[in-house]
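Scroll down for the structure; my scribbles are underneath it.
The values are calculated or read from the model by the stated rules, or taken from the named source; none is laboratory data. These figures come from a predicted structure and were not determined experimentally. We place every Cβ from the backbone using ideal geometry, glycine too, and count neighbours over all the protein chains shown.
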Amino acid sequence: MSGCLNIHRLALCAILLLSGTYAHAQDVDPVTARHLQGILDSIRVADGIQGVAVGLHDPLRGEWSGVGGESHAGTPISADMVFGIASNTKTFVAVLLLRLQEEGLLSLDDPVATWLPPIDGVDSTIQIRQLLQHTSGIGDYASQPWYRDSIRADPQRHWRAEEILAMIGPPDFKPGTSWKYSNANYYLAGLIAEAATGHPVAALLRTHILDPLGLDTTFLGAAEAPRGVIAHPWTAYADISAMPRRSLLSGAWTAGAMYSTSGEMVRWYRGLMEGEIIDAASLAQMTEFSGPVGYGLGLFQRRVSGRTVWGHSGSIIGYRSQMLYDVASGIVISVLVNQNTERICTHCISDALLSALIEEVTGVDGIATAAPATVTLHPAAPNPVRDRMMVRFDISHPGAVQLELRDLPGRRVRTLCDGWKEAGSHRVDFRSADLSRGVYLLLLRQGTETRFRSIIVY
C-alpha cells in the first residue's frame with residue numbers, strides 16, 4: 001500500500017530507501033549489541049524484573065534482540081517466547097477498524113447505534129472514532145472492583161458480552177468533550193467489527209493483519225488456542241502460570257487479550273508504519289493526536305530525548321509491554337515483561353535503548369547530524385550509578401563548555417559544568433543520590449557540537 005503522503009511520512013520515506021527488505025536485514029554490530037544488552041541488564045537488575053524480551057529494528061544499524069531473566073526456575077527467557085501484550089492489543093483493533101473502513105464495510109464516523117443495540121451507559125450517538133480515541137466518555141468496566149474480584153473468584157469463567165456491557169456504568173462525560181482511557185471503548189470496537197462483517201474478531205485480525213505479516217505466533221487469548229512457548233506470568237514474586245486465565249482474557253478481549261513475541265511485535269510495527277496493512281490516509285487518521293496525553297487511534301504520542309515517538313503500553317495480570325516507534329529514524333523497539341508490579345517501568349527500557357542509539361548522531365534539536373569530531377563524552381563511571389557519578393569528557397580546542405544532566409523528556413535536571421575549559425581531558429564528579437531512580441541523558445555542548453550519553457540511576 002502507498003505511503004509518504006504527508007509531512008509525518010517524509011522522514012519515513014528516506015528510512016525506507018535505506019532499510020531494504022526484511023529478508024536481508026542485518027544484525028547490529030557487536031559493540032552496539034553489547035551496549036544495548038548492558039542497558040537492558042542494568043535496568044532489569046535495578047527493577048528486579050523477572051524476565052524480559054526486547055526486539056529492536058534500526059534502519060541504519062539493523063536488528064537486535066535482547067533477553068534477560070527467567071520464565072520460571074531453570075528456564076531462561078528466549079527471544080521466541082510468547083508474552084501477553086495487554087493493551088497493545090488496542091493498536092491491532094484500531095488498525096482492523098481502519099481496514100474495514102477502507103473496504104467500505106463501515107465508517108469511523110458511524111454512531112454506535114448503527115451496529116449495536118441500545119446499551120445502558122452508552123450514548124447511541126457516540127462515533128466509532130470516539131471509541132478508538134477514548135473521547136466517548138464511556139465508563140471503564142475493567143476499573144470496577146467487582147470485576148477484578150470476579151476474575152479472582154472464578155478464573156475459569158468465560159465472560160459473555162452482555163455481562164461485560166452490564167458493568168459499564170454511567171458515563172464520565174458527554175461524547176467528544178473530554179478524554180479518558182476506557183477499556184470498554186475497545187471492547188465495543190470489537191463487537192462492532194463482528195457486527196459489520198459477520199465474522200469473529202479473532203478471524204478478522206488473522207485475515208487482515210496477522211497472516212499478511214507472517215505473525216504466526218501472535219494470537220487473541222481466550223478466542224484462539226495458544227501458540228508457541230508462553231513465558232510464565234508473574235505477579236510480584238509469585239509464578240501464577242497455574243492460575244487459569246479464561247476469565248481474565250475473555251473479559252479483556254479486544255481491549256487487552258493478545259499475545260505475541262518481541263520479534264513479531266517489531267515486525268507488526270514495521271508493517272504498519274511502512275504501509276503494508278493500511279494506506280497513508282488511514283495512517284494519517286491514526287496519528288492525529290489530541291487530548292491531554294496525545295492519543296490518536298490506538299497510539300500514544302510522546303517525547304523521548306527531544307524526539308517524537310509513537311507507541312502504546314500494556315499492563316495485565318502477569319505481563320507488561322511497551323512499543324516505541326521513533327518518527328525521525330524509523331527505529332522500532334518492543335519490550336515484553338512476564339511480570340506485573342508497579343516498580344517495573346517498561347518505557348524506561350525502550351527509552352534508554354532509543355537514547356543509546358541516537359546519542360552519537362543527534363543534535364540538541366533531535367535532528368540527525370554528523371557526529372562531531374572534536375568533542376568526546378565518555379560513559380559515566382559506574383553506570384548504573386547510585387550515590388556518586390564521575391563524568392569524563394575531552395575537547396580538542398579551548399572554549400566554553402556546557403555539561404548538563406537531562407531527564408528523558410529533555411528537561412534540564414542539573415548543570416554540571418558551564419564555563420571556559422582548556423583543550424584536553426576533564427572530569428566532573430557530583431552527587432547522584434538525591435536523583436530519582438530512572439534513565440537520564442548527559443549532554444555535552446561546545447559551540448555547535450553536542451554529545452549525548454545515557455545513564456541509569458538506581
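Looking for whichever is under 21 Å from the mean Cα position of the chain (by Cα) and assigned to a loop (DSSP other than H, G, I, E, B) here; the options are Gly271, Gly275. Which one fits? Quick ask: steps written out before the conclusion?
Working: Gly271 fails: assigned to a loop (DSSP other than H, G, I, E, B).
Sole residue among the options that is under 21 Å from the mean Cα position of the chain (by Cα) and assigned to a loop (DSSP other than H, G, I, E, B): Gly275.
Scanning the stretch 242-257 for residues that are in a loop (DSSP other than H, G, I, E, B) and either touching a Gly at 6+ places or on another chain (Cβ under 8 Å) or free of Cβ contacts under 8 Å to residues at least 40 places away in the same chain (or both), which turns out nearest to Ser150 (Cα to Cα)?
Of all residues in the stretch 242-257, those in a loop (DSSP other than H, G, I, E, B) come to 242-245, 256-257.
After this cut, where a residue has to be either touching a Gly at 6+ places or on another chain (Cβ under 8 Å) or free of Cβ contacts under 8 Å to residues at least 40 places away in the same chain (or both) as well, the list is 242, 245, 256-257.
Working: Ala242: 18, Arg245: 12, Gly256: 17, Ala257: 17 Å.
By that ranking, first place goes to Arg245.
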**Message:** Condition first: under 24 Å from the mean Cα position of the chain (by Cα) and surrounded by 22 or more Cβ atoms within 10 Å (Cβ to Cβ). Now tell me which residues in the stretch 119-129 satisfy that.
**Reply:** Ile128
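Yes or no, residue by residue, for (1) buried (at least 17 other Cβ atoms within 10 Å of the Cβ); (2) not in a loop (DSSP other than H, G, I, E, B):
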| site | (1), (2) |
| --- | --- |
| Pro171 | yes, no |
| Lys174 | no, no |
| Trp179 | yes, no |
| Arg206 | yes, yes |
| Asp216 | no, no |
**Message:** I'd like to check something: does the stretch 244-264 contain any residue that is assigned by TED's automatic domain parsing to the domain that holds Leu336 and modelled with pLDDT under 95?
**Reply:** no
**Fill in**
Pairs returned, first residue in the stretch 133-155 that is under 18 Å from Ala94 (Cα atoms), second residue that is among the basic types (Lys, Arg) and part of a helix (DSSP H, G or I), beta-carbon separation under 9 angstrom, 6 or more apart or interchain, are Thr135/Arg129
**Prompt:** If you check Ser454 against the conditions, is it surrounded by 21 or more Cβ atoms within 10 Å (Cβ to Cβ), of a type in the set (Ser, Thr, Tyr) and closer than 20 Å to Gly306 by Cβ?
**Reply:** yes
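Got a number for residues in the stretch 339-363 being closer than 25 Å to Gly447 by Cβ and either surrounded by 14 or more Cβ atoms within 10 Å (Cβ to Cβ) or modelled with pLDDT of 60 or more (or both)?
Quick first cut of the stretch 339-363, residues closer than 25 Å to Gly447 by Cβ only: 355-363.
Restricting the remaining residues to those that are either surrounded by 14 or more Cβ atoms within 10 Å (Cβ to Cβ) or modelled with pLDDT of 60 or more (or both) gives 355-359, 361-363.
So the count comes out to 8.
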**Request:** Considering only residues that are among the hydroxyl-bearing types (Ser, Thr, Tyr) and more than 17 Å from Ser329 (Cβ to Cβ), look in the stretch 278-295 and name the one that is farthest from the chain's Cα centre (by Cα).
**Result:** Ser282
**Considering residues of the stretch 248-291 that are β-branched (Val, Ile, Thr) and out of contact with any helix residue (DSSP H, G or I) (no Cβ under 7 Å at 6 or more places or on another chain) only, the residue surrounded by the most Cβ atoms within 10 Å (Cβ to Cβ)** = Thr261
**Prompt:** Of the residues that sit in the stretch 130-159 and are part of a helix (DSSP H, G or I) and among the basic types (Lys, Arg), which one is surrounded by the most Cβ atoms within 10 Å (Cβ to Cβ)?
**Reply:** Arg148
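Taking only the stretch 328-357 into account, find how many residues are of a type outside the set (Gly, Ala, Ser) and part of a helix (DSSP H, G or I).
Looking only at the stretch 328-357, we keep the residues that are of a type outside the set (Gly, Ala, Ser), and these are 331-333, 335-349, 351, 353-354, 357.
Filter again for part of a helix (DSSP H, G or I), leaving 346-349, 351, 353-354, 357.
Of the residues in that region, 8 qualify.
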**Matching residues in the stretch 149-182 - criterion: being closer than 24 Å to Phe300 by Cβ and out of contact with any His (no Cβ under 9 Å at 6 or more places or on another chain)** = Ile168, Pro171, Asp172, Phe173, Lys174, Pro175, Gly176, Thr177, Ser178
**Prompt:** Of the numbered conditions (1) over 24 Å from Arg61 (Cα atoms); (2) modelled with pLDDT of 85 or more, Met390 satisfies every one except a single condition; which is it?
**Reply:** (2)
